[in-house]
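The values are calculated or read from the model by the stated rules, or taken from the named source; none is laboratory data. What you are looking at is a predicted structure, and each value in this text was computed from that prediction instead of being measured. Heads up, the Cβs are rebuilt from the backbone with ideal geometry, glycines too, and the neighbour counts pull from every protein chain shown. For the accessible areas, the whole protein counts, side chains as well, though only heavy atoms, and no ligand, DNA or RNA atoms are used. Shrake-Rupley method; radii C 1.70, N 1.55, O 1.52, S 1.80 Å.
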Amino acid sequence: MRIEHTTVGIVGAGPAGLMLSHLLALAGIASVAVDARTRSEIENTHRAGILEHDSVRLLVDSGVSDRVLREGHEHRGIRLRFDGADHRIDFQRLAGASTWLYPQTAVFADLADARARDGGDVRFDGRDTAVDRLTGDEPVLRFTDADGIEAELRCDYLVGADGSRGLCRAQVPAEHRTQYFREYPFAWFGFLAAAPVSAPELIYARSEHGFALVSQRTETVQRMYFQCDPGARVEDWSDERIWEEMRRRLAGGDGFELRAGPILEKTVLPFRSFVQEPLRYGRMLLAGDAAHTVPPTGAKGLNLALADVRVLAEILERAVRQRDPGPLDDYTPRALARVWKAQHFSYWMTTMLHRDERGDGFDERRRLGELAGIVASEAGARYLAEGYTGWPAAVPV
Ligand code: DHB
């Protein structure tokens, strides 16, 4: 077995792990990020596509990439569609901020390129990962690397950035953690289509047939979702059936026309709200989906992961400089302040916009009343705009 040392061992080389590694490097702190997947496996997993204002700033200001400014698309608002008509939420007017359409796969590619450019130590395709000695002074990360060599990485601190199905959060003994969660009685059917853009901004639609979301990727490829049963199977949904369902949910008297085309990829996305507290156990810290999951409505997952690691990098820098783990105590309360706002926002957007088959007519009518109240009220629309574009960061970049 090969024994190695680093300051921060990071389990997971998705956006959270790589951004943390990058920020630590800027502070002169060594780290190694290990991921069970290959780079191309991560790069080819389609995820959400919306970046908050501060996520864009973090990517640009920290020197990861300015591609987001060249190839991303600034969105200055969204449309809420219900009762067959669009209502615009003007982010710039209400919150003084925009969001950017820039897929998570591009964020990941930019981060992986930046780590390679800066000589970062990232080990993709590392199997049999395990963590140990979390409450000691020198936690370890064991794995078998891409060449089949067993390695033990001894660290000062360990970070679990290994996603919602990762191993790290389960290493916290049950008596030292609390898990909060909500299940939802629906899922999203997501697809990529070779079609022209249907509308200049995203459309979040509520109808008696369920939720639909019209998003975008490029001039010629679009990303869309519609609410489905959690047990839905992609093979039961032909292209024709998908377009028919989308049209039904987007129908209205305003002449809106959805532009269709061949469907390139189909997936069913599960819905779950989850938080594990605290975010620290001994010398291990959890970040991103490893610590919390939000349902996809509002695209908060990646943004929350980036906000976590921004706080975590600053705290780890203090701990390393002081040679004392004391500053780690600040991580849980600071990160959770944002996490719970985002949990509420994602839950609220989800329940307001989806149809719950278990509910009755009262709930359906009430939700329409809620939407009508939001779009008619300056304060209501601003609340949505502030949440969607992202609350101000707890610390400067
Ligand atoms: C996308 C995903 C979301 O969950 C969302 O709320 C908006 C856009 C997307 O993939 O484009």
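In the set Asp110, Asp86, Asp125, which member is assigned to a loop (DSSP other than H, G, I, E, B) and either under 17 Å from Ala13 (Cα atoms) or among the acidic types (Asp, Glu) (or both)? Let's see the steps before the verdict.
On the way: Asp110 fails: assigned to a loop (DSSP other than H, G, I, E, B); Asp86 fails: assigned to a loop (DSSP other than H, G, I, E, B).
Only one candidate passes the filter, namely Asp125.
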query: Looking at Thr135, Thr99, Thr105, Thr129, which one is of a type in the set (Ser, Thr, Tyr) and within 12 Å of Ala33 (Cβ to Cβ)?
result: Thr129
query: From the set of residues in segment 198-217 that are within 14 Å of the ligand (Cβ to nearest atom) and in a strand (DSSP E or B), which is surrounded by the fewest Cβ atoms within 10 Å (Cβ to Cβ)?
result: Ile203
message: Being under 18 Å from the mean Cα position of the chain (by Cα), open to solvent by less than 50 Å² (accessible area, probe 1.4 Å) and within 30 Å of Ala195 (Cβ to Cβ): is that true of Met224 here?
response: yes
- prompt: If we scan segment 307-326, do we find a residue that is out of contact with any strand residue (DSSP E or B) (no Cβ under 7 Å at 6 or more places or on another chain), closer than 23 Å to Trp100 by Cβ, in contact (Cβ under 8 Å) with a residue 12 or more places away in the chain and open to solvent by 50 Å² or more (accessible area, probe 1.4 Å)?
  reply: no
statement: Pairing a residue in segment 98-110 that is acidic (Asp, Glu) with any residue that is more than 12 Å from the ligand (Cβ to nearest atom), where Cβ atoms lie under 9 Å and the two sit 6 or more apart in sequence or on different chains, gives Asp110/Leu59; Asp110/Val64; Asp110/Ser65; Asp110/Arg67; Asp110/Val68
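What tally of residues in segment 327-367 results from selecting those that are under 21 Å from His209 (Cβ atoms), open to solvent by 40 Å² or more (accessible area, probe 1.4 Å) and of a type in the set (A, V, I, L, M, F, W, C)?
1
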query: Among the candidates Ser55, Ser62, Ser21, which residue alone is among the polar types (S, T, N, Q), open to solvent by less than 20 Å² (accessible area, probe 1.4 Å) and within 25 Å of Gly190 (Cβ to Cβ)?
result: Ser55
task: Looking only at segment 244-290, count how many residues are modelled with pLDDT of 95 or more and open to solvent by less than 30 Å² (accessible area, probe 1.4 Å).
output: 19
query: How many residues does segment 296-336 hold that are among the charged types (D, E, K, R) and within 16 Å of the ligand (Cβ to nearest atom)?
result: 1
task: Output the residue which, of all residues in segment 65-84 that are modelled with pLDDT under 95 and open to solvent by less than 60 Å² (accessible area, probe 1.4 Å), is farthest from the ligand (Cβ to nearest atom).
output: Gly84
query: Any idea which residue in segment 218-227 is farthest from Asp356 (Cα to Cα), counting only those that are modelled with pLDDT of 95 or more and either within 12 Å of the ligand (Cβ to nearest atom) or in a strand (DSSP E or B) (or both)?
result: Val221
